[in-house]
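This report refers to the structure that appears directly beneath it.
The values are calculated or read from the model by the stated rules, or taken from the named source; none is laboratory data. None of the values given here were measured: they were computed from a predicted structure. Cβ: placed from backbone, ideal geometry, glycine included. Neighbour counts: every protein chain shown.
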Amino acid sequence: MSFFEAIDITKHFGGLAAVNDLGFEVRQGEIFGLIGPNGSGKTTVFNLINGYYPLTGGNILFEGRQINGLPTWKICKLGIGRTFQVVKPLRRMTVLENVTASAFNHTGDLKVAKAKAEEVLDFCRLGHKKDFLASGLTIGDRKRLEIARSLATSPKLLLLDETMAGLTPQEQGEGVELIRKVRDSGVTIIIVEHIMRVIMNLCDRIMCISYGMKLAEGLPEEVANNQDVVEAYLGKE
Amino acid sequence: MKNRSWAQLIAPLILLAFPLFVDSDYYRHVVIMALMWVVIGSSWNLLAGFTGQVSFGHAIFFGIGAYSAGLLKMHLGLSPWWGMLLGGPMAMAIGFVIGWICFRLRGPYFALATIAVGEIFHLLFKYFNNFTGGMEGILIIQTFRSKLPYYFLALGLAGACVLTIILVMRSKWGYYFISIREDQDAAESMGISAFRYKSLSLMISSFFTGLAGAFYMNYMAFIDPEVVYSLHYISIMAILVGIIGGVGTIWGPAVGAFIMVLVQETFRSSIFGLAPDWVSEAHALVFGVLVMFVILFMANGVVGDWKKITHLFTGKKQAPSTNGSAA
Amino acid sequence: MDVFLQTLVSGVLIGGIYALIGIGMTLIMGVMHIINLAHGQLMMVAMYITFVLYQYLGLDPYVSLFIAMPALFLLGAVIQKLFLNPLLKVDSILPENQVLMTVGIGMVLTEIVRIIFGSDYKSVTTSYSGSVMYLGDIAFNTPMVVAFGIALALTAGLFYFLLRTDLGKSVRATAQNKEAARLMGVNAERITVLTFGIGAGLVAAAGTLLLPIFYLFPDIGGHFTLKAFVITILGGLGSTVGAIFGGVVLGIAESFGATYLSMDLKDVVGMVIFLLVLIFLPGGLKRLTKI
C-alpha cells in the first residue's frame, strides 16, 4: 500500500482539460515537488486532492483509502492539510485564534487546542505575534500563519501552494528551513513552487506538469535537465 | 474595557431590581418588549454576526414559536404555556430543514432565499385558515393580570439566551462559527464542516427565536400572520437591532434592542407629548435614519465601536479595534 | 379558450412593465454586485411624484414620466454616491452591509412618504383609466397597452445605450470586471453612480406607467421590491435580457394564478419557484449582466 497515490486523475472545466490522466505517487516522509509553467494545473491538482473540486475521472488514494468524493473537511480530518496560494487569513481573528480554530481538528477541548496552537506557533516562529489580528500581518507572516494553521490540524500529508512567492530572499531562506523542520517532524509534503532554487534545495523528488499532463518525474537534477521540461519553461528553439 | 465589564455586571442587576422600583405597567411593558427583542436580536446575531449567514427570515422562527403556543390552545385546548416547551424545538426543527435547503447558497443569495422562505410561511399561514385561524389570528386570554410574571420570564429568557451564546462562543463551536464567517473555504480546509456548523448555529438561533415567539403569544394574547411572520416588523427589525447594537458582539444586540424599543416608544408618544402629533408617526423613520447612520459611521455598531464613540467625546486618538474575535 | 387568451394577454402586458423593474434591478446587481432592497421603494416614490403632479397640477401621468424619471435618476445617483459608495471603504463584519444599507434607505423613504401622505390608498383616475380596446373577443386595457409600448421603447433605448455608446460600454465593462475596467481608464465610481441612477429612473418609469391602473400606498414599495428580485433571479439569472424574460414570466404566472388559483396561493407558488431557481440553477447567478 502506498502512502499517497493519484491514479489517472482528470479534471475538465467545460471542454477544457485542466488536468489530464495524471498519475503519481508520494512516499511517506518525502518532500515531493510539483512544478510547471503558469496555468499548467498545479493548483488544480491541489484542489482535486483536498476535495475542493470533484474529479472528472480517476481516483485518489490516501493510506490505501479512496478519498475522492469526500468533502474537503473530511479529507482534512483524515490527515491532509493545505495552504492556499492566495493566503486566506481569518482576518478578524488573532493569530492565536486562527491557529486554535484549526487545532480543534482532533479535540473538543479549548485548553488542549490552545496549547497545541501555541506549540505550533512557536514552531513556526510566529509565537511573538500571537495576539496580532491576522489582518495586520505582513505577507511573510501571513504565509507562516497559513502553514501554522494547516500544521495545527495535525496533518500526515501537507500540501504547500507557493508559500514562498512574494517573500524576500531572507524570508525564503527561513521558509525553506521551516519546511524542512516540518518534514523532520514526520509530515510528508507536496509542494508547488515557482522559485527553482527553493525547489531544487528542498525536494527529494520532483514532477513537472504542463497543460495538466506529466512531462517528467524523478530526482531534482534529472527533471531540471529534462529536455521537455526545459522546453515547456523556455519554449522550443 | 474595565467600564464594560462593570456594565455587564450592573445591567442585569438593574434589570432584576427594575420592577421593584417601577410599578407603572407601561414602563414594565416597554422593558418586557425590549427583553424579548434582546432574545431575537441576539439569536439573529449568532447566525449572522458570528457565523456570517445573514438571515432575512427570522420571523419564520418567531412565528413558529408563537403558533406552536397558539395552535395548542386552539386545537387541543391545552394551556398556551406548553408552547414555551414546544415552540423552541419546533422552530429548531424548521430551522434545520431551512438550513438544509438554503445553506447551499452563500452571501446575499442565502439572504434572498431566507426572504423567500419567510414569505412562503407568511402566505401559507394566511391561506390555511382552517388550521391556523388565517387572518383572524388567534386570541387567547392572558394568564396573569400583573406584568410581573411576564417581566421575569422575559428577563430569564434574555439571560438564558445571552448566556448560552457566551458559552457557545467560548467553545470549539464559537471558533468554528467565526472561522466560517471569515472564510468558508479556509474553514473547510481546516477540517470544519461549514454545513454542519452553520446548521448548528441556525438551530440555536431558531430555538431561542421560537421561544421568544411562544412568549409573545402568551404575553400579547393575540397573533396573526401579518404580525408574527412580518418581514418588516420581525425579520428586518431583528437585523436592525443587531446592526445598531453591534454585529458580531455579545452585548450588541441587547443594547440595540433597548435602543430600538426606546426610540419606538419615545416617538410613539410624540416625545412624551411635547412634540406635534405627526412626530408619533416618525418612530420608524428615526430608526431607519439611525440604521443608515450606524452603517455609514459605526460599522461595528454601538458596542463594537464603543471606543470610537467615547474617544469622540474625550478627544483621544482611537486605538485599532480588535473586536469580532472569539476570545 | 378566450379566458385563456385573455389571461395570457394581460399577463404579457403587465410583464412588460415588470421587465422594466427587473432591468433596473439587474443593472444595479451587475455593476455593484448588490441586491437593491430599496428598489420597490424607489418606484413608490416615483408613483407619489406622479400622483402629486396629477392631483395638484393636473398633469397627465404620461407627461409626468419626463419629471419622475429624471427626479428618480437624481435620487438614485445621490443614494449611490452618498450612502453606498462610501461603504466600500468601511471595514464591516458583514460584507452585506451595502444590502443592509438599502434596507435602511427603503425604510426611510417609506416612512417619509407615510408622514407626508398618510397610509391610506390613493389612486389616479384618468379619463382613459378604464378604457378598453378589442381585438376580436380579447379585451386590451388601453393604459396597459400604452404602458407596454412605452416600456418596450425604454428597453430598446437602454439597449442602444449599453451596446452602442461609449458610456454604455463602460457600464458593461465595469459589470464584467471592475478592476480591469478601472485599469482601462473607466471611472468605476462614476459608473456606479450612473448605473444606480439609470436603475432608479427605469423603475420610476414602471411606477408612473402603473399608476393609472394601480392604487398607491406607502407600503407598496416593499411588495415591489420582492417582485423585483423574483424577476431578476427567475429570468436569465442576472442578465438584462433575462430580466425581460423574468418580467414576462412573472406577469403571465401571476395572471394565470389570479385566474385559476387563489390570490394567496399564487404568491406561494411564485416564491417556491423562485427558491427552486435560486438553489438549483446556481452559477448562472455569477454571470451577471451579460448582454
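Just a few scattered comments:
- Taken residue by residue, region C:94-104 has at least one member that is over 21 Å from B:Gly288 (Cβ atoms) and at the interface with chain B (Cβ under 9 Å from one of its Cβ atoms).
Residue-wise test of (1) in a helix (DSSP H, G or I); (2) at pLDDT below 95; (3) of a type in the set (Asp, Glu).
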| residue | (1), (2), (3) |
| --- | --- |
| C:Pro86 | yes, yes, no |
| C:Leu94 | no, yes, no |
| C:Val99 | yes, yes, no |
| C:Met107 | yes, yes, no |
| C:Ile115 | yes, yes, no |
| C:Asp120 | no, yes, yes |
| C:Thr126 | no, yes, no |
| C:Tyr134 | no, yes, no |
| C:Ala139 | no, yes, no |
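- Unique match (being buried (at least 22 other Cβ atoms within 10 Å of the Cβ) and either farther than 20 Å from A:Thr188 by Cβ or of a type in the set (Gly, Ala, Ser) (or both)) among A:Val86, A:Val99: A:Val99
- Restricting the first member to region B:170-182 and to residues that are closer than 18 Å to A:Ser135 by Cα and more than 7 Å from every other protein chain (Cβ to nearest Cβ), and the second to residues that are part of a helix (DSSP H, G or I) and aliphatic (A, V, I, L, M), the beta-carbon pairs closer than 6 Å and six or more apart or on different chains are B:Ile180/B:Ala187; B:Ile180/B:Ala194.
Here's the yes/no breakdown for (1) in a helix (DSSP H, G or I); (2) of a type in the set (D, E, K, R):
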| residue | (1), (2) |
| --- | --- |
| C:Ser170 | yes, no |
| C:Ala181 | yes, no |
| C:Val186 | no, no |
| C:Glu189 | yes, yes |
| C:Ala200 | yes, no |
| C:Ala204 | yes, no |
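- From the options A:Asn20, A:Asn38, residue that is polar (S, T, N, Q) and touching a strand residue (DSSP E or B) at 6+ places or on another chain (Cβ under 7 Å): A:Asn20
- Against the list (1) within 21 Å of A:Thr107 (Cβ to Cβ); (2) surrounded by 18 or more Cβ atoms within 10 Å (Cβ to Cβ); (3) within 17 Å of the chain's Cα centre (by Cα), the condition A:Lys130 fails is (3).
- Test result for C:Asp120, farther than 22 Å from C:Gly201 by Cα, exposed (fewer than 12 other Cβ atoms within 10 Å of the Cβ) and either under 20 Å from the mean Cα position of the chain (by Cα) or within 14 Å of another protein chain (Cβ to nearest Cβ) (or both): yes
- Options A:Lys111, A:Lys77; residue that is in a helix (DSSP H, G or I) and facing another protein chain (nearest Cβ under 8 Å): A:Lys77
- Neighbours by Cβ (under 7 Å, 6+ apart or cross-chain): first from region B:205-234, farther than 18 Å from B:Ala93 by Cβ; second basic (Lys, Arg): B:Pro225/B:Lys126
- Listed here are the strands (runs of 3 or more DSSP E) enclosed by region A:1-71 that have at least 1 residues being in contact (Cβ under 8 Å) with a residue 12 or more places away in the chain and more than 17 Å from the chain's Cα centre (by Cα): A:4-13, A:16-26, A:57-62.
- Residue satisfying all of: in region B:81-106; at pLDDT below 95 and surrounded by 22 or more Cβ atoms within 10 Å (Cβ to Cβ); nearest to the other protein chains (Cβ to nearest Cβ) among these: B:Cys102
- Applying the condition of being touching a Pro at 6+ places or on another chain (Cβ under 8 Å) and closer than 17 Å to A:Glu25 by Cβ to region A:205-237 and asking which residue is surrounded by the fewest Cβ atoms within 10 Å (Cβ to Cβ) yields A:Arg205.
- Top-ranked residue in region A:134-161 [being within 11 Å of chain B (Cβ to nearest Cβ) and in a strand (DSSP E or B); ranked as nearest to B:Ser189 (Cα to Cα)]: A:Leu159
- For region B:5-53, the tally of residues that are touching a helix residue (DSSP H, G or I) at 6+ places or on another chain (Cβ under 7 Å), of a type outside the set (Ser, Thr, Tyr) and closer than 30 Å to A:Leu90 by Cα stands at 13.
- Residues of region B:31-54 that are within 11 Å of another protein chain (Cβ to nearest Cβ) and in a helix (DSSP H, G or I): B:Asn45, B:Ala48, B:Gly49, B:Phe50.
- Of all the listed residues (B:Val291, B:Val302, B:Val279, B:Val255), the sole one being buried (at least 19 other Cβ atoms within 10 Å of the Cβ), hydrophobic (A, V, I, L, M, F, W, C), modelled with pLDDT under 80 and assigned to a helix (DSSP H, G or I) is B:Val279.
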